[in-house]
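Novice: I'd like to ask some things about the structure below.
No lab work stands behind these numbers, since they all come straight from the coordinates. Keep in mind the model is a prediction, meaning the values are calculated, not measured. Neighbour counts are summed over all protein chains in view; Cβ atoms, including those assigned to glycine, are modelled from backbone coordinates with ideal geometry.
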Amino acid sequence: METMKSMFFACALLLGSAETFSAENLVLSEDFESQTFPPSGWVVKGTELSEDLESGYAHWSLNWNEVTGCSIAGSGCAEVMSDFKEGQAGISKEEWLITPAVQVADNASLSFTFWCNASSFMTNKYGSFLVKVSTDDGDTWSDLWNAASQEDIENSGLTWPWNKDAMGIENNWQKLTPNVSLEAYVGKTVKIAFYFRSILVNNYTQATLAVDNVKVGNQEIENLPVIEGSTSYEFSNSYIGYLAQSEPMTIRNVGYGTLTITSIEGIEGTDFSTTLDPASVSLKRGEELSYRVNYTPTITGAKSTVMKINTNGGTLSVDLSGTKVMLEEGYTLESFEGDIFPPAGWSRNEGWKTMEGMATSGVKSVTVGGMMTCDIVSPRLDLSAGNGKVKFDYIETTGEEYIDDSFLPSTYFILYYKKNTDTDWTELWCSLDDSKYNEWVQKEIEIKDANGNFVVDDNVYLRWTYEFEMGDGGLDNMVVTDIYFDNVVLPKLYGEGELPLAITTPNPVNGVSNVDYSRLTLSWEPALFADGYELSVGTDKSNPTSLLENEKLEGNTSVSYTIPELEPATTYYWKVVPYNAVGKNENASVWSFTTMEDQSVRDFPYTMGFEGNNGEIPPMGWKNDHEGKGIQMWKSNEIEPFAGKYSASVWHNNAGEVSVLTSPVFAIPETGDIVASFAWGGGLSNRLEIGYVNSATTAGHMSEVSD
């Protein structure tokens, strides 16, 4: 199966070698595509590290990946990083990547593309990135360009600050191409060094830097913008009537000035469209913008077109094509594009999640990886007619260095089925049957029993399981793969064309007590075949409508409702009635919950040491909220509390994440001095904000408290 992924990066390889100036004017051109590192004539040197700190990119090394591409362009680039373990060991290292000697001619300049986490380098927080030059064969070095210098950045054709994208949005991971003048060295023989130094802050460091497409020579071009970008995309096995979306495609200004789009041609009246908005594009030199192409194939639509992006820096032609597939009658496609996971009717345990960027339809796939066993189960299937089969796409990824004729992973991807009368699951297929790695594979599997007969039953489930074996060699001999799967085509779903199925997963769970009465969110998992829901809430079990009566929530994934304020110490009843074009499923359970006693604080002094219920977070009356993906919520911590046994702590690994721990309402007396105090500490926290709101139900911005 030729995949969209490989097609896209084939384009990237071609783009990586494209030049806007004559190669004859270059005395050095290195794109790190040969897999030989360091390249001929280049030198790598750096700080000697102990064996336990010698990670893959502890020194300048080759980042090579033919499947997903390297960090910059093509399959290879040079990369170095510092690790937190080096910080713990108190090591600030220096790493050098040095070019061969070159003769500098008139009008010569140095250009290169670098990729890094800007927060570490732009202010020299955790790393310093300089380009140095030597005229005495490396005996002494002078600074030529500094990533933390606004003057150097702007003189090389980039904008300051360089941690913002073309839309002015701050983006920590940046890929930029400076052009550095070598006028001061005309007529001299020089070596150029890409110099990386790690910086410790409280014995911590974390910085990543990659360099690619290094060129020295006469690179003068007219002072105009020049467009470069992805030149083709192929959609494979796209189902008619269903949206497929490309992986991120790019346009980039490799010239000067500001690149703008005048028009986009070639996709009007076709099955192709794009998220690229001409009016919003304004790219300075080296800036790049990502966009996507949409493909919704129709029976009569053309399978290909050429999208022309017309700019003030030339026209970029993008060849678009797609392979259409008709979904068989009675079958259902699930491509996991919805906001709710798992989708209606599906179930899973911990581990499986959706991920953008690896998909064969739309932008999402389902993924899992690591040393855990995870299951995801289909909706109930009606195979009473027999002849059932299932299709799905999957890719099993691992490091290229592991794959040879003897490669045997420690992880497996297995498909099972189970009838209602079965006591156990029956295996249908295992990824070891294919032994294909780092490429998308499309499977079509007939649902047959151990005797080779089609399963005939109206109560059948399919289960995909990711599992691992430790083996005799322990962790040292394990090779763990990651699984992504997408485009699951299921046979007839049980109950299709009938009333939606009933809701069985209320949150709060039925009968729970001590529920927060402030801004309570009721939620449930989506019901299969539902077009929407009617929500009723009240204090009368036989008729729970005193608070909400048949509140209509349209859409299958409209599965939550927030009530601003409830009464303390009160039992509430609620029910959710799913509906569709056939009618309403009135067979809805009535659930209950009881709110906690009034937690308002009226007696002072008040102290919260987070010691109750074995350090439970949040304590009763407090709230724990978060924003962002991969977020960590506030939790209990026993490591070096200020006092007692526990403290409340939070940890983040992504920029822009927010965790909020909110106190109960404080009834502040009109007279008397009331002050708030707390103890806090954290080696890496960027900012801890405290604040207050004048109402427990206000969802607005909190005023910062300075005392």
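Novice: Can you give me the three principal axis dimensions of region 26-92 from its C-alpha atoms, in Å, biggest first?
Specialist: Ordered largest first, region 26-92 gives principal extents of 41, 28, 17 Å.
Novice: Using only the alpha-carbon atoms, how far is helix 4-17 inclined from the longest principal axis of the chain? Give it as 0 to 90 degrees, nearest 10.
Specialist: Around 20 degrees separate the two axes.
Novice: Need one number for region 460-572: average projected area of the convex hull over its C-alpha atoms, nm².
Specialist: Values: hull surface 49.6 nm².
For the Cα atoms of region 460-572, the hull's average projected area reads 12.4 nm².
Novice: So what's region 21-218 giving for Cα Rg divided by 2.2 N^0.38 Å, two decimals? List each step's numbers first, then the result.
Specialist: Working: Rg = 16.4 Å, N = 198, 2.2 N^0.38 = 16.4 Å.
Compactness ratio reported: 1.00.
Novice: Quick check on my link table: of 175/215; 541/623; 132/215, which ones sit more than 24 Å apart, alpha carbon to alpha carbon?
Specialist: Beyond 24 Å: 541/623.
Novice: Additional query: For the chain, what is the largest minus smallest coordinate of the Cα atoms on each principal axis, given in angstrom and ordered from greatest to least?
Specialist: Taking max minus min along each principal axis of the Cα atoms, the chain gives 93, 78, 61 Å.
Novice: Further question on the same structure: What is region 129-182 by shape, rounded, prolate or oblate, if you read a ≥ b ≥ c off the alpha carbon gyration tensor as root eigenvalues and call it rounded for a/c under 1.5, prolate for a/b larger than b/c, and oblate otherwise?
Specialist: Verdict is prolate for region 129-182.
Novice: Which net charge results when you count Lys and Arg as +1 and Asp and Glu as -1 among the other residues whose beta-carbon is under 13 Å from that of residue 505?
Specialist: Computed value for this residue: 0.
Novice: Tell me, what ³J(HN,Hα) does each residue in region 604-619 have, in order and in whole Hz, if you take phi through Karplus 6.51 cos²θ - 1.76 cosθ + 1.60 with θ = phi - 60° and put x for Gly and Pro?
Specialist: Per residue, the Karplus-derived 3J(HN,Hα) values read 10, x, 10, 10, 10, x, 6, 9, x, 6, 6, x, 4, 10, x, x Hz.
Novice: Per-residue counts of other Cβ atoms within 10 Å, averaged by peptide: what ranking do you get for 636-648, 307-319, highest first?
Specialist: Answer by packing, highest mean first, reads 307-319, 636-648.
Novice: Where does the chain land at 222 nm, in deg cm²/dmol rounded to the nearest 500, when only DSSP H runs of n ≥ 4 count, each adding -39500 (n - 2.57), divided by all residues?
Specialist: Computed mean residue ellipticity for the chain: -1000 deg cm²/dmol.
Novice: Compute the Rg to Rh ratio over region 506-595 from the alpha carbon atoms, using the Kirkwood formula for Rh, and round to two decimal places.
Specialist: 0.96
Novice: Follow-up question, since we're still on this one. Take peptides 242-249, 671-678, 599-606, 429-436 and line them up by average Cβ neighbours within 10 Å, highest first, as a rough protection proxy. Before the final figure, lay out the partial values.
Specialist: Working: 242-249: 20.4, 671-678: 7.8, 599-606: 11.8, 429-436: 13.9.
Ranking, from highest mean packing down: 242-249, 429-436, 599-606, 671-678.
Novice: Starting from the amide H of residue 239, placed 1.01 Å from N in the peptide plane, find each other amide H under 5 Å away whose residue is 5 or more places distant or on another chain.
Specialist: 325
Novice: I need the Debye-formula profile for region 227-325: one equal scatterer per C-alpha, no solvent, reported as log10 I(q)/I(0) at q = 0.13, 0.17 1/Å, two decimals.
Specialist: Debye curve over Cα of region 227-325, log10 I(q)/I(0) at q = 0.13, 0.17 Å⁻¹: -0.44, -0.70.
Novice: Taking Rh as the Kirkwood radius, which is the inverse of the mean 1/r over Cα pairs, what is the Rg/Rh value for region 102-142?
Specialist: Here Rg/Rh amounts to 1.08.
Novice: For region 257-396, calculate the relative contact order in percent as a whole number, restricting contacts to Cα pairs under 8 Å that are 6 or more residues apart.
Specialist: With pairs under 8 Å counted, the relative contact order is 17 percent.
Novice: Based on Cα coordinates alone, diagonalise the gyration tensor for region 169-280, multiply each eigenvalue by 5, take square roots, and list the semi-axes in whole Å, largest first.
Specialist: One finds semi-axes of 38, 24, 14 Å for region 169-280.
Novice: Give a residue-ordered list of calculated ³J(HN,Hα) values for region 96-112 (Karplus: 6.51 cos²θ - 1.76 cosθ + 1.60, θ = phi - 60°; whole Hz; x for Gly, Pro).
Specialist: Karplus values, whole Hz, x for Gly and Pro: 10, 10, 10, 7, x, 6, 9, 8, 8, 9, 4, 6, 7, 8, 10, 10, 7.
Novice: For a protection proxy built on the mean count of beta-carbon atoms within 10 angstrom, sort 190-196, 177-183 highest first, please.
Specialist: Top of the packing list down: 190-196, 177-183.
Novice: Which percent, nearest 5, of DSSP beta bridges in the chain are antiparallel?
Specialist: If I count the DSSP bridges inside the chain, around 95 percent turn out antiparallel.
Novice: Also, quick follow-up: Under a straight-distance cross-link criterion of Cα-Cα below 26 Å, which lysines are reachable from residue 418, leaving out those fewer than 8 residues away in the same chain?
Specialist: Leaving aside lysines fewer than 8 places away in the same chain, those within reach of residue 418 are 353, 389, 391, 443, 448, 492.
Novice: HN-Hα J couplings of region 539-552 from phi, Karplus 6.51/-1.76/1.60, θ = phi - 60°, integer Hz, Gly and Pro as x?
Specialist: Those phi angles translate into 9, 9, 4, 6, 8, x, 10, 5, 9, 9, 10, 6, 5, 8 Hz.
Novice: Can you list residues from other chains, or at least 5 along the same chain, whose modelled amide H is less than 5 Å from the amide H of residue 386?
Specialist: 457
Novice: If you don't mind, there's one more thing I want to ask. Quick check: the distance between the Cα centres of region 234-259 and region 527-592, to the nearest angstrom?
Specialist: 42
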